[in-house]
Every structure is written in C-alpha cells, then in structure tokens.
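Okay, structure first, notes after.
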C-alpha cells in the first residue's frame, strides 16, 4: 500500500513538472514572436499600434493614455508592468498588457 502511494505521488510530481516545463517553453516562444507590451523589458520604449480585446477594457486603456500612436516606456517589467506615458506613471496587469500591441524599440 505504501509503495503504491509513493508511486502515485512520484507520478503526480512528474506530471506537474512537465506542465511547468511546457508552460515555460510556450511563454518563451510567445516572447520571441511577441509585439505586445507584456513582453517589453525595463527601460524599453514602444509605440502603441493597436489595442485588442474587449471594447470596455480597450476604452479604459485609452483613458489612461495607452492609445494608438502613443509612446510608452516600461519602467519595471513583471506583473504589474509599470509604464510611463507622457508625464503619467502607472501599473498595468500582464493580462491587460497582452492586449496592447506595439512596435518595441531595441
């Protein structure tokens, strides 16, 4: 009975590790091909090209100054992402930042 429980625990750990590895690989591939604000690094600037997602969320982002044509600078990457738009500085969640498509400066 005890060995059966140990095997089950080992199997669950292995399955969890595979999920974490798969998620990491998926996100790495996402970052390599991404032009969304969520993948910008600290100190990087970008020009916003398009807002996607729900209309209400896009309207809130535009109210904050994150609108097409605006220049944004990432002050801190992570979740939340801290950005500066003109003279305003604020945090934006990673999920919302995924809906801000932009041209990232190198």
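Ordered by the count of other Cβ atoms within 10 Å of each Cβ, fewest first, 66, 49 give 49, 66. Footprinting exposure proxy ranking of 104, 81, fewest other C-beta atoms within 10 angstrom first, gives 104, 81. The ranking of 87, 77, 63, 105 from fewest to most other beta carbons within 10 Å of each one's beta carbon is 87, 63, 105, 77.
Every read-out reported here was derived from the displayed coordinates using simple, explicitly stated rules and does not represent laboratory data. In this text the structure is predicted, and so the values were computed from the model without any measurement. We place every Cβ from the backbone using ideal geometry, glycine too, and count neighbours over all the protein chains shown.
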